[in-house]
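What follows is one structure encoded as structure tokens, with my remarks underneath.
Values quoted throughout were computed directly from the atomic coordinates according to the rules given, and no laboratory measurement underlies them. Quantities reported herein were computed from a predicted structural model and do not represent experimental measurements. All Cβ positions, glycine included, derive from the backbone under ideal geometry; neighbour counts span all protein chains shown.
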Amino acid sequence: MKRAAAAFLFALVSLGSAPGQEAAPGPAVDPLVLQRRLAMVLRQSTQHYEAGEYDTALERLGAIKGPAAEDLSVLNLRGAILTKLGRYDQASESFRAILSAQPDFFPAAFNLGEVEFIRGDYAGALELFGDMRRREPRNELVRFKILLCQLLLGQDEEAQKTARSLVPAGSTPAWYYAQAMLARKAGDEASARKHLDAAKAIYEAEGCKLFDESIAPVKF
């Protein structure tokens, strides 16, 4: 059974600006042409991003000028690329600019939490992911990120409660990864490996990619 997860850092989002952020083309330029150009550049930049060519992805994204550069999809992809480049302050600015315009923009909210997590501000990340859970209580990825923050903050009992909110064979491998992280925190690497292997057998590599990237920097 294969269940695919969303792209890491939610770099891929639908096109479209928030109210008040529509591009303002010159009188001789067809708005549809501008939209197609924007879509093309976003697609090309995303392809470089997914290939791990982050400098090239950022350079390609720089071809978008004027009001279109403030499109939420452009800002979110730029923030995702900057995160991969380790330019966390700039990435945070991109995501916060999105949330200032559209507070319920899920990809930017998640990505901002991810930036704080990568920087080691687990309390800040936990607050951000906690806000997201209140808005989307069924999101398994958000609950897993909360569990990781709790474990890293030494809130083991709270992490156990979070783990109990997940179920085996859900839409993502969150339950298996949660059990693995609980075991790893307890020093039981054999049990952790058993759960990770089970997740990959059920969901396959693509379905586990985001979770593997989430746990890669975690050191208990």
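Here are the numbers:
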{"quantity": "Residue in the stretch 100-111 that is closer than 18 Å to LEU152 by Cβ, under 11 Å from the mean Cα position of the chain (by Cα) and in contact (Cβ under 8 Å) with a residue 24 or more places away in the chain present", "calculated": "yes"}
{"quantity": "Complete set of residues in the stretch 55-90 that are more than 16 Å from the chain's Cα centre (by Cα) and touching a residue at least 12 places away in the same chain (Cβ under 8 Å)", "calculated": "ASP55, ALA57, LEU58, ARG60, LEU61, ALA63, ILE64, GLY66, PRO67, ALA68, GLU70, ASP71"}
